[in-house]
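The values are calculated or read from the model by the stated rules, or taken from the named source; none is laboratory data. None of the values given here were measured: they were computed from a predicted structure. Every residue, glycine as well, gets a Cβ built from its backbone with ideal geometry; the counts of neighbours run over all protein chains shown. With ligands, DNA and RNA removed, areas are computed over all heavy atoms of the protein, side chains included. Shrake-Rupley method; radii C 1.70, N 1.55, O 1.52, S 1.80 Å.
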Amino acid sequence: MKIRSVFFINVLSISFSLSCFAQHTSFKQDKNLLQTISSNFKNTATQYQFLMNNLPPDKFPKTYQLNINTLETSKSGWWCSGFYPGTLLLLYQQTKDKLLLNEANRMLDLLQKEQYNKNTHDLGFMMYCSFGNAEKTEPKPAYKQVLINSAKSLSTRFNPKVGCIKSWDSKPTDFLVIIDNMMNLELLFWATKATGDSSFYKIAVTHANTTMKNHFRPDCSSYHVINYNPETGTVQQKKTAQGYADESAWARGQAWGLYGFTVMYRETKDKKYLDQATRIASFILQNPNLPKDKVPYWDFNAPNIPDALRDASAGAIIASALLELGKYEPDPLAANYFKSAETILQTLSNSTYLAKPGTNGGFILEHSVGNFPAKSEVNVPLTYADYYFLEAMMRYQNLNKNK
Ligand code: GLY
């Protein structure tokens, strides 16, 4: 336990955080959108009760196939298992409806065994979006312990020679790291604050630095997958798995990078991460292939734009990230981020994306793309689209608080 260095980190964070909010005028929220958001929360609570009623007792929702009217589910080991309980907890914070809390708690019981899962890098998604929100909603020593154990399990995948947490297991000469992995670092920052052990913090910072060095192109778009030599740490391949091409910009990957480097700045107050997040935001927002309504195509370089499918999940993640990033930047950047997030929320709240109550298998949003090249989860609802949409709406509501 390295209490001294953690104390130092904390003092640094506190003193930086006093000055980290950039100076800009309060953002004028759109009254109509605020009303829409209130009504979205009410509808969502109804939708999730519908979803809850169709869910087999030992399963987690994954997606819904409209053509065969089937709810697809998973076991707790699927990377998305934390989003359903996480969404229920966010909704509970809004509605105080105990039914939602009870269902969340039921799912946490099913999920908790994953705290010992060392075969996935997705523990941040799985455990922090669920138990992290539970700990924020109703702090309990048991939740804290699950999160600490999860952070320990995730840390076992760190290779100091590479300077990264391994994403996907593969052959022994491969060490695959995907941009999505930036999203798992928030759990490690939480663990250092909770335990005083700075090793989690150091792993997160090292992973982010290595990612910054190798995952990004000069225009600040990112590759999806980097394959490192596990012995030497050299880069062996830069490629895609879920994007259109190795050299394309897969939309959700850009969204994960934007969100991940925004969290890096929040947790470290190191300006290089703020600059990185800002450059990623520029790539996204100034991209000629970003539609006016700002919900991206599933890949910024999809061959059939403007007829390519949109990815609502990428839109929701980008909106949520921009609403945080705007707090750290001065105007006019901040105003642009808030306005862009507002446009995304307005788009996702229209009838193209927002499901009517009682439809869409109980999910909130339609039209996300999971894995286009694998023809899996294409143009469907997804748990993480719903989760980040709710998070973004809550961030929008609270935009002028904490100033
Ligand atoms: N982390 C997997 C995905 O974004 O599809």
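In segment 279-304, how many are outside any helix (DSSP H, G or I) and out of contact with any helix residue (DSSP H, G or I) (no Cβ under 7 Å at 6 or more places or on another chain)?
Qualifying residue count for the region: 10.
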Wholly within segment 41-154, which helices (runs of 4 or more DSSP H) include no fewer than the required count, namely at least 1 residues that are within 16 Å of the ligand (Cβ to nearest atom) and either in contact with a strand residue (DSSP E or B) (Cβ under 8 Å, 6 or more places away or on another chain) or under 19 Å from GLU377 (Cβ atoms) (or both)?
83-95
All but one of (1) more than 16 Å from the ligand (Cβ to nearest atom); (2) under 19 Å from the mean Cα position of the chain (by Cα); (3) farther than 16 Å from VAL177 by Cβ; (4) surrounded by 22 or more Cβ atoms within 10 Å (Cβ to Cβ) hold for ALA255; which doesn't?
(1)
Taking interchain pairs and intrachain pairs at least six residues apart, which have beta carbon atoms under 7 angstrom, with the first residue in segment 155-184 and open to solvent by 10 Å² or more (accessible area, probe 1.4 Å) and the second part of a loop (DSSP other than H, G, I, E, B) and within 13 Å of the ligand (Cβ to nearest atom)?
ARG157/HIS121; LYS166/HIS121; LEU176/SER167
In segment 208-252, which residue that is of a type in the set (A, V, I, L, M, F, W, C) and outside any loop (DSSP other than H, G, I, E, B) is farthest from the ligand (Cβ to nearest atom)?
VAL235
Candidate set from segment 198-209 (those that are open to solvent by less than 20 Å² (accessible area, probe 1.4 Å) and of a type outside the set (A, V, I, L, M)); member that is farthest from GLN254 (Cα to Cα)
SER198
When residues of segment 204-225 are filtered for being under 25 Å from ALA191 (Cβ atoms), out of contact with any Pro (no Cβ under 9 Å at 6 or more places or on another chain) and in contact (Cβ under 8 Å) with a residue 40 or more places away in the chain, how many remain?
9
Please work out which residue is farthest from ASN336 (Cα to Cα), limiting yourself to segment 1-49 and to residues that are modelled with pLDDT of 95 or more and of a type in the set (Phe, Trp, Tyr).
TYR48
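If you go through segment 224-238 one residue at a time, do you hit one that is basic (Lys, Arg) and open to solvent by 10 Å² or more (accessible area, probe 1.4 Å)? Talk me through it step by step, then tell me what you get.
Taking segment 224-238 and keeping what is basic (Lys, Arg), we get 238.
With open to solvent by 10 Å² or more (accessible area, probe 1.4 Å) added as a condition, the list becomes 238.
Scanning segment 224-238 turns up at least one residue that is basic (Lys, Arg) and open to solvent by 10 Å² or more (accessible area, probe 1.4 Å).
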Here are ASN229, ASN159, ASN181: which of them is within 15 Å of the chain's Cα centre (by Cα) and not aromatic (Phe, Trp, Tyr)?
ASN181
For segment 310-332, which positions are more than 25 Å from THR268 (Cβ to Cβ), touching a residue at least 12 places away in the same chain (Cβ under 8 Å) and open to solvent by 10 Å² or more (accessible area, probe 1.4 Å)?
ARG310
